[in-house]
Amino acid sequence: MRMCSIASGSSGNCIYVGSDHTHLLVDAGISKKRIEEGLKALEIKGEELNGILVTHEHIDHIQGLGVFSRKYEIPIYATQGTIEGIRAYVSLGKMPEGLLCPVQIDEPFVLGDITVKPFFISHDAREPSAYRMECEGKAAAVATDLGTYDENTVDNLKNLDALLLEANHDTHMLEVGPYPYYLKQRISGQKGHLSNELSGRLLCDILHENLKHIVLGHLSKENNYERLAYETVKLEVTLGDNTYRGEDLDMTVAKRDRISEILSF
């Protein structure tokens, strides 16, 4: 399997996960042109995609969905609530008939040789989900836009080979930053975004010897920066109740505006 962040941040998200035979995108929150440029770096054509998995209907996850899907007619998989949110977003334009495919939380489905499992995340959207993908004994997951996590989240992120995990904001930067109070409350709330600290604590619950690739993603442009996220998550792991130290992790930070490292596992 391979995983690569084409873009990840509060301004737009698009992640590639695939095998030799199956190619998937998780979200399409950047322009068609940028998606195509990312796929070109992966030596994949738009028409070769088997599906686009949409986590929720916020614009930083669906911005390019309308234009891209109209050009390539790639099936779009999302929960019914998310599909309703996509249809309600008039700026996307009319979606091609039959491309919006509803999926159920906790009910795996198969695309090519990849088994996809949507699972619940806590976010202020209609019916948000994260995705776990498995192929030939290997597993990857993309989990962003969750204000908190619980035992179910941990269970779905266990025994992975690769993970893109949200580290959205530094708590102090958010508190003293320029955002209005209501927005600070939304971001830090139960249906908001994971802080660097919470991201590190979640990692403590799922670390194991075969988790070779950890990518921190969905960083806030205003309330975080790469080095801070990286060091804070490492410190949480070192201080946490586990046998690992931060320096043991093979961890990178996804780029906001360009393709990140292509991970193979």
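A few remarks follow.
- Selection from Ala130, Thr171, Gln104 lying farthest towards where the dipole of segment 100-199 points positive, charges on Cβ: Thr171
- The overall shape of segment 71-118 is oblate: from the C-alpha gyration tensor, with semi-axes ordered a ≥ b ≥ c, the ratio a/c is 1.5 or greater and a/b is no larger than b/c.
- On a per residue basis, the chain carries 44 Å² of accessible surface, using protein heavy atoms and a 1.4 Å probe.
- In the chain, helical runs assigned H by DSSP with n ≥ 4 each contribute -39500 (n - 2.57); averaged across all residues and rounded to the nearest 500, the mean residue ellipticity at 222 nm is -8000 deg cm²/dmol.
- Mean separation of Cα contacts under 8 Å, 6 or more apart, over the residue count of segment 93-199: relative contact order %: 23 percent
- Only Lys, Arg, Asp and Glu carry charge here, each on its Cβ (+1 for the first two, -1 for the last two); on that basis segment 1-133 has a dipole of about 320 debye about its Cα centre.
- Projected onto planes of every orientation and averaged, the convex hull of the alpha-carbon atoms in segment 46-140 covers 6.1 nm².
- Between Gly217, Tyr230, Leu92, the Cα set farthest toward the positive side of the dipole of the chain (charges on each charged residue's Cβ, about the Cα centre) is that of Leu92.
- Nonpolar atom fraction for the chain, defined as the carbon and sulfur part of the 1.4 Å probe accessible area, stands at 48 percent.
- Evaluating 6.51 cos²θ - 1.76 cosθ + 1.60 at θ = phi - 60° for every residue in segment 159-164, the Karplus couplings come out as 6, 8, 9, 8, 8, 9 Hz, glycine and proline recorded as x.
- Between Asn152 and Leu183, full extension at 0.36 nm per residue minus the direct alpha carbon distance yields a gain of 8.5 nm.
- Each Cα pair under 8 Å and six or more residues apart adds its sequence gap; the mean of these over the residue count of the chain is a relative contact order of 20 percent.
- Cα gyration tensor category, rounded, prolate or oblate, for segment 199-243 with a/c compared to 1.5: prolate
- Dipole size of the chain about its Cα centre, with +1 on Lys/Arg Cβ and -1 on Asp/Glu Cβ: approximately 880 debye, rounded to the nearest 20.
- Quotient of C-alpha Rg and 2.2 N^0.38 Å, computed over segment 125-239: 1.06
- Shape category assigned to segment 1-82 from the gyration tensor of Cα positions, a/c cut at 1.5: rounded
- With the convex hull drawn over the C-alpha atoms of segment 99-153, the volume per residue is 91 Å³.
- Cα point-scatterer Debye curve for the chain, base-10 log of I(q)/I(0) at q = 0.07 Å⁻¹: -0.21
- Ranking Met3, Ile206, Ile62 by how far each Cα lies toward the positive end of the dipole of the chain (charges on Cβ) leaves Ile62 at the top.
The values are calculated or read from the model by the stated rules, or taken from the named source; none is laboratory data. Everything quoted here is computed from the prediction, not taken from an experiment. In this analysis, Cβ positions are derived from the backbone assuming ideal geometry, glycine residues included, and neighbour counts consider all displayed protein chains. These area figures cover heavy atoms from the full protein model, side chains too; ligands, DNA and RNA do not enter into them. Shrake-Rupley method; radii C 1.70, N 1.55, O 1.52, S 1.80 Å.
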